[in-house]
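Computed from the coordinates by the stated procedures, all read-outs in this text should not be read as laboratory data. Owing to the predicted nature of the structure, the values given are computational and were not obtained by experimental measurement. Positions of Cβ are generated from backbone atoms using ideal geometry, with glycine treated the same way; all protein chains shown enter the neighbour counts.
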Amino acid sequence: MSFLHIQSSQQLTDETSHSLNSKLNFVQIQSIDLKPYKQKWRLLFTNVPSPKNLESIYYELQGQSIEDCESKEMILLQCILLNMRAPIDLKLNEQQWIHISELMPTHKSPFEWSQICHQFIHQSAYNNPWSESEDKQLLDIILHYQSMRKGNKWSKIARELNEQSLNKNIRTPKQCRERWGNKLDPSINRDEWTDIEDLHLLQLLLQHGRKWAELSIRLSPLTNNKKRTEFSLKHRFKKLISNSNSIDSRQIQGTKYSISSDWNNKEINKLLFKISQLEIQTKQREVENFYYHPLTKQIKLNNLTKIVIIKGRSKVELDLSILFNSTNSELNN
């Protein structure tokens, strides 16, 4: 028997149109207005797949692992939800989750399907702050995965967290990844920004564009491999540019940097102007640091050991060898 229950709208009966009907009714899905779902869900298709494609997906999932067909599984799951006319907030009763579990060709518990489905909702639970217990549970799970060299499998980590947590909020894999990357990761760099770091950030932005995750990695060698979060990079960039009141109005010509196509001319001018300011500041800082280095034995004098000071008609000669010889003697003692 075909998995799909396909019939004309005139042939629909109360039994076949019921939300717990054991067959997926393609005609019923086609009649649903997708517009409200597109606004609230992350739908994986613009138009409902054809009956042939859905049936093909169903039988493919029976014979392949979830790693091979995860996107197809999500497409089929969304179609089942539409067929059930699931509410947009996905608040289904226990029997409905059981029904979904029975319909899906891949084996998961009703609770697992409920967690997966909540990933479809935009900003799911984002307005609910993380609790201390959630943070601790998430940190423990991630550190355990790392110690077992399992990597960060965010879908599995989120599933474990939701099973352990007493919080009613369903945390999505994306939320778990962002919480780790912006808050819990021990390698996060929380030190004050330096001019050198600011300069490198803007140079990298100019050349590579807004690739925040990549920029975080590229900047980490400057601070002993401690990483800036993506959020802190975005915030720092906005602050640096907003503080740049003057904009270089010259034509963009002869710059030593390659420039990403992410930027328009106005943004490029702002970046180049701020970079030039930071280059001057960092070079000046290097000069200041040079003059304040303590004298050491390695200092050598050339033949010009005298300095002449002229003030008005008077002239004073200072023998520098006396100063340096006395300094070196003190260092030797």
In nm, the gap between the two label points placed 7 Å beyond Cα toward Cβ at Lys239 and Lys156 is 3.8 nm
Checking segment 174-245 for GluC sites (Glu not before Pro) in a loop per DSSP with at most 10 other beta-carbon atoms within 10 Å yields Glu192
